[in-house]
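The values are calculated or read from the model by the stated rules, or taken from the named source; none is laboratory data. Predicted model only: the values in this text are computed from it and were never measured. Cβ atoms come from the backbone with ideal geometry, glycine included; neighbour counts cover every protein chain shown.
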Amino acid sequence: MAPQHGDDDGHFHPRDALSSAVQSAALTGGAGLFIAAIQNAMTKQKLGAWTVFTRGGSTIGIFAASGGAYEFTKQAAANLREADDYANDAIGGFFGGAVLGLPTLRMPRVLGYGTMFAVVMGFFEYTGGSLRARKTDPSIDEFERKEQLRLNRRRPIDETLAEIGEGRGIRPPGYEERRRQRLKEKYGIEVKTESADPNANC
């Protein structure tokens, strides 16, 4: 079971379902208005600007009602269950999807849309509620978390050198001595290193 997303103090605090529903309805209604405007622009007849509302009013209304129903039932379920987890999103997704199926006037489609949206929204929240990655624990310092990740993935220098070898800017301790020894064994050349500091040999 996925961990619950509690507040900072670990306790659930009731949410204002009506306010959240109004905001969500306005947002999804705006998306419906955008889609209705595109549909209006793609028609072959010459139509005025107000036909976005007269012809696409049902699209705007369905989108707004679906978003409002989703958010209201999600927050109401969270308040009733006193828990903030993926089940609330699944409940809200069912009602939001059912509203999208209402214009068909067919109960199988209403239930089908509701079930589909419940599964999608519940699974999305269960897996972290983000397209990027699972949400991190806010109680853990981000710098310490990244340092821990670096330590877990850091490889010993001996293992790295065994795979890629020395040279090409990789100069571990004792590299110059080993290089001189290899040159002497392979070519018979004695390489003497000199310091760039003019006072080094004084």
Item to check | Residues of segment 12-52 satisfying the condition of being surrounded by 13 or more Cβ atoms within 10 Å (Cβ to Cβ) and among the aromatic types (Phe, Trp, Tyr) | outcome: Phe12, Phe34
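For (1) at pLDDT 90 or above; (2) closer than 30 Å to Asn79 by Cα; (3) assigned to a loop (DSSP other than H, G, I, E, B); (4) outside the structural domain of Asp85 (by TED's automatic domain parsing), each residue gets a yes or a no:
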| position | (1), (2), (3), (4) |
| --- | --- |
| Thr28 | yes, yes, no, no |
| Ala31 | yes, yes, no, no |
| Ala36 | yes, no, no, no |
| Leu47 | no, no, yes, no |
| Val52 | no, no, no, no |
| Ile60 | yes, yes, no, no |
Item to check | Failed item in (1) more than 25 Å from the chain's Cα centre (by Cα); (2) buried (at least 21 other Cβ atoms within 10 Å of the Cβ); (3) more than 17 Å from Ser20 (Cβ to Cβ), with Tyr113 passing the rest | outcome: (1)
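Among the residues of segment 40-55, are any under 22 Å from Phe123 (Cα atoms) and of a type outside the set (S, T, N, Q)? Walk me through how you get there before you give the answer.
If we filter segment 40-55 for residues that are under 22 Å from Phe123 (Cα atoms), which is where we start, we get none.
Taking every residue of segment 40-55 in turn, none turns out to be under 22 Å from Phe123 (Cα atoms) and of a type outside the set (S, T, N, Q).
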